[in-house]
Amino acid sequence: MIEYYLKEKCFRAFLFFSYKFELINKSFMKLLDRFLRDWRIKKAERYIKPYDRVLDIGAFDITFFERLSRKPIDFGVGLDPLLKDVIIKSRYKLIPGRFPQDLPQREKFDCVTMLAVLEHIPKKEQSELNDRLYDCLELNGRVIITVPSPFVDNILNILSKLRLIDGMSLDEHYGFRAKETPKLFNSEQFRLLKYKPFQLGLNNLFVFEKID
């Protein structure tokens, strides 16, 4: 009877500490995710000018446009298939959907951002990006892209196996390599304004400008 009682106590203690560890782990990963997201935003917003019209592809929440509203920007549109509802604010709106099919017609922008998005786009759609971005940009408009280095996938796979992360879309990275990014753009229509690795070389910033 005593042995059964001790086993029961140990089992309950194990469940309790497992639950606590999971809560701490999720809290840590949320903080880490926000830190990395804010780092990407800080890199990108340097190339967004006051009163630009901005399209953000992969705008999962309002964080990016709330930051940009302080510049201020003229107006922003965010697209993300994971959004559940349309969100409308004074200087931006977020729309559930994909680029370009769900973009309001005839919209033209001074700047298009794709932060940690390109690696999730299938290769066929990547090859069509040049023309799609060209059509929605004003002359001298900018495309701002952040792309993780391939080594990041190895890190994420290890963390996933250790159950230190969850919900990561590792199956959607399509093996894209950051160094291939410039090849997606026609040099007669876009020029590379800026390339800079950051986050200790684990992430990469690209800024292109429409020239024709």
For the pair D212/E188, report the inter-label distance in nm, with labels modelled 7 Å from Cα in the Cβ direction.
0.4
May I ask you to compute the full-extension gain from E138 to I88, defined as 0.36 nm times their residue separation minus their alpha-carbon distance, rounded to one decimal in nm?
15.7 nm
Please list the non-local residues whose amide H lies under 5 Å from the amide H of N203, H modeled 1.01 Å from N, same-chain partners needing a gap of 5 or more.
S149, F198
In this structure, among K124/K196; K43/K196; K123/K194; K42/K183, pairs with alpha-carbon gaps over 21 Å are K124/K196; K123/K194; K42/K183
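At 0.36 nm per residue, minus the direct Cα-Cα distance, what do I41 and T63 gain on full extension? Give it in nm, one decimal, please.
Values: separation 22, 0.36 × 22 = 7.92 nm, distance 0.91 nm.
This chain segment gains 7.0 nm when fully extended.
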Suppose the chain between S127 and L200 were pulled fully straight at 0.36 nm per residue; how much longer would it get relative to their current alpha carbon spacing?
23.4 nm
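Would you mind ranking V86, V112 by Cβ crowding within 10 Å, fewest neighbours first? Show your work: numbers first, answer last.
Details: V86 10, V112 24.
Ranked by crowding around the Cβ, least crowded first: V86, V112.
Every number in this text was worked out from the coordinates using simple rules, so none of it is lab data. No experiment lies behind these values; they were computed from the predicted model shown. Ideal geometry is used to build each Cβ from the backbone, glycine not excepted, and the neighbour counts take in all protein chains shown.
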